[in-house]
Amino acid sequence: MKPSSITQTLFNQLNFRGDRQKVISSNIANINTPGYKTKDLVFEKQLEEADKSRLKLYTTNEKHLSSFSNDLDPTKRDIINVKGLEEQNDGNNVNLDAQMSEMAKNKVMFDAIQASIRKDSSLFKSVIEASSKN
(Lines give C-alpha, C1' and ligand atoms only; values in the text may rest on other atoms or scores of the structure.)
Protein backbone atom coordinates (compact mmCIF):
# COMPACT_ATOMS: atom_id res chain seq x y z
CA MET A 1 0.00 0.00 0.00
CA LYS A 2 1.31 3.41 -0.95
CA PRO A 3 0.98 6.44 1.34
CA SER A 4 -0.37 8.57 -1.55
CA SER A 5 -0.75 8.64 -5.30
CA ILE A 6 2.41 10.68 -5.72
CA THR A 7 4.64 8.30 -3.77
CA GLN A 8 5.62 6.23 -6.82
CA THR A 9 6.59 9.40 -8.70
CA LEU A 10 8.73 10.50 -5.77
CA PHE A 11 10.47 7.11 -5.61
CA ASN A 12 11.07 7.18 -9.38
CA GLN A 13 12.64 10.63 -9.04
CA LEU A 14 14.72 9.43 -6.08
CA ASN A 15 16.02 6.52 -8.19
CA PHE A 16 16.76 8.89 -11.06
CA ARG A 17 18.73 11.23 -8.79
CA GLY A 18 20.70 8.29 -7.37
CA ASP A 19 21.54 7.05 -10.86
CA ARG A 20 22.49 10.57 -11.98
CA GLN A 21 24.83 10.86 -8.99
CA LYS A 22 26.60 7.70 -10.19
CA VAL A 23 27.06 9.17 -13.68
CA ILE A 24 28.45 12.44 -12.26
CA SER A 25 30.79 10.48 -9.97
CA SER A 26 31.97 8.49 -12.97
CA ASN A 27 32.73 11.73 -14.82
CA ILE A 28 34.80 12.97 -11.88
CA ALA A 29 36.60 9.62 -11.57
CA ASN A 30 37.57 9.82 -15.25
CA ILE A 31 38.83 13.40 -15.15
CA ASN A 32 42.34 12.26 -16.14
CA THR A 33 41.32 9.56 -18.63
CA PRO A 34 42.45 10.50 -22.14
CA GLY A 35 39.56 10.73 -24.62
CA TYR A 36 36.84 10.44 -21.96
CA LYS A 37 33.71 12.47 -22.77
CA THR A 38 31.45 13.93 -20.07
CA LYS A 39 28.19 12.02 -19.75
CA ASP A 40 24.82 12.92 -18.31
CA LEU A 41 21.68 10.99 -17.44
CA VAL A 42 18.48 12.53 -18.78
CA PHE A 43 14.79 11.83 -18.50
CA GLU A 44 13.66 15.16 -19.91
CA LYS A 45 14.30 13.99 -23.48
CA GLN A 46 11.44 11.51 -23.21
CA LEU A 47 9.14 14.22 -21.83
CA GLU A 48 9.97 16.54 -24.73
CA GLU A 49 9.31 13.80 -27.28
CA ALA A 50 5.99 12.94 -25.64
CA ASP A 51 4.98 16.61 -25.69
CA LYS A 52 5.77 16.93 -29.39
CA SER A 53 3.87 13.81 -30.38
CA ARG A 54 0.81 14.41 -28.23
CA LEU A 55 -2.20 16.08 -29.79
CA LYS A 56 -3.22 19.14 -27.82
CA LEU A 57 -6.89 19.10 -26.87
CA TYR A 58 -8.79 22.18 -25.86
CA THR A 59 -11.70 22.01 -23.44
CA THR A 60 -14.47 24.53 -23.52
CA ASN A 61 -16.48 22.92 -20.76
CA GLU A 62 -15.37 21.48 -17.43
CA LYS A 63 -17.16 18.21 -18.29
CA HIS A 64 -14.91 17.57 -21.30
CA LEU A 65 -12.30 14.84 -21.01
CA SER A 66 -8.78 16.00 -20.33
CA SER A 67 -5.88 15.12 -22.63
CA PHE A 68 -3.94 13.41 -19.85
CA SER A 69 -1.98 10.39 -20.99
CA ASN A 70 0.09 8.18 -18.72
CA ASP A 71 2.22 6.50 -21.41
CA LEU A 72 5.62 7.66 -20.10
CA ASP A 73 8.01 5.09 -18.69
CA PRO A 74 9.71 6.71 -15.66
CA THR A 75 12.49 4.13 -15.74
CA LYS A 76 13.53 5.01 -19.31
CA ARG A 77 16.60 7.17 -19.01
CA ASP A 78 19.30 7.97 -21.51
CA ILE A 79 23.01 8.41 -20.87
CA ILE A 80 24.21 11.00 -23.33
CA ASN A 81 27.55 12.58 -24.14
CA VAL A 82 27.41 16.27 -23.25
CA LYS A 83 28.11 18.36 -26.36
CA GLY A 84 29.86 21.70 -26.66
CA LEU A 85 32.38 21.32 -23.85
CA GLU A 86 35.96 22.48 -24.14
CA GLU A 87 38.36 19.59 -24.66
CA GLN A 88 41.85 19.27 -23.22
CA ASN A 89 44.80 18.23 -25.39
CA ASP A 90 44.15 14.56 -24.59
CA GLY A 91 40.52 14.73 -25.79
CA ASN A 92 39.02 14.67 -22.29
CA ASN A 93 36.29 17.28 -21.74
CA VAL A 94 35.45 16.81 -18.02
CA ASN A 95 35.31 20.11 -16.11
CA LEU A 96 35.72 19.45 -12.38
CA ASP A 97 34.00 22.69 -11.31
CA ALA A 98 30.98 22.01 -13.52
CA GLN A 99 30.70 18.41 -12.29
CA MET A 100 30.96 19.43 -8.64
CA SER A 101 28.23 22.02 -9.25
CA GLU A 102 26.00 19.39 -10.91
CA MET A 103 26.66 17.02 -8.01
CA ALA A 104 25.64 19.69 -5.49
CA LYS A 105 22.42 20.50 -7.43
CA ASN A 106 21.60 16.81 -7.69
CA LYS A 107 22.14 16.33 -3.95
CA VAL A 108 19.80 19.23 -3.14
CA MET A 109 17.11 17.66 -5.33
CA PHE A 110 17.74 14.22 -3.79
CA ASP A 111 17.40 15.65 -0.26
CA ALA A 112 14.22 17.53 -1.19
CA ILE A 113 12.65 14.38 -2.62
CA GLN A 114 13.62 12.41 0.50
CA ALA A 115 12.01 15.08 2.67
CA SER A 116 8.84 14.90 0.57
CA ILE A 117 8.70 11.13 0.96
CA ARG A 118 9.18 11.42 4.74
CA LYS A 119 6.42 14.05 4.96
CA ASP A 120 4.09 11.95 2.81
CA SER A 121 4.78 8.88 4.95
CA SER A 122 4.27 10.75 8.21
CA LEU A 123 0.88 12.06 7.01
CA PHE A 124 -0.14 8.53 6.08
CA LYS A 125 1.05 7.23 9.45
CA SER A 126 -0.91 9.90 11.34
CA VAL A 127 -4.09 8.96 9.46
CA ILE A 128 -3.61 5.29 10.37
CA GLU A 129 -2.92 6.14 14.02
CA ALA A 130 -5.96 8.40 14.20
CA SER A 131 -8.22 5.74 12.71
CA SER A 132 -6.95 3.09 15.13
CA LYS A 133 -7.99 5.18 18.13
CA ASN A 134 -11.66 4.93 17.18
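The values are calculated or read from the model by the stated rules, or taken from the named source; none is laboratory data. None of the values given here were measured: they were computed from a predicted structure. Here the Cβ is made from the backbone with ideal geometry for all residues, glycine too, and neighbour counts use every protein chain on show.
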Out of the residues in segment 1-42 that are basic (K, R) and modelled with pLDDT of 65 or more, state the one that is surrounded by the most Cβ atoms within 10 Å (Cβ to Cβ). R20
Take the residues in segment 63-115 that are small (G, A, S) and assigned to a loop (DSSP other than H, G, I, E, B); name whichever of them is modelled with the lowest pLDDT. S69
Within segment 43-55, is even one residue at pLDDT 60 or above, under 21 Å from the mean Cα position of the chain (by Cα), under 30 Å from K119 (Cβ atoms) and not charged (D, E, K, R)? yes
Please specify each residue of segment 76-124 satisfying the condition of being of a type in the set (D, E, K, R) and free of Cβ contacts under 8 Å to residues at least 12 places away in the same chain. K83, E86, E87, D97, K105, D111, R118, K119
Quick check on my filter: what residues within segment 97-113 are in contact with a helix residue (DSSP H, G or I) (Cβ under 6 Å, 6 or more places away or on another chain) and of a type in the set (V, I, T)? I113
With the condition kept exactly as written, say whether any residue in segment 82-90 is within 24 Å of the chain's Cα centre (by Cα) and among the basic types (K, R). yes
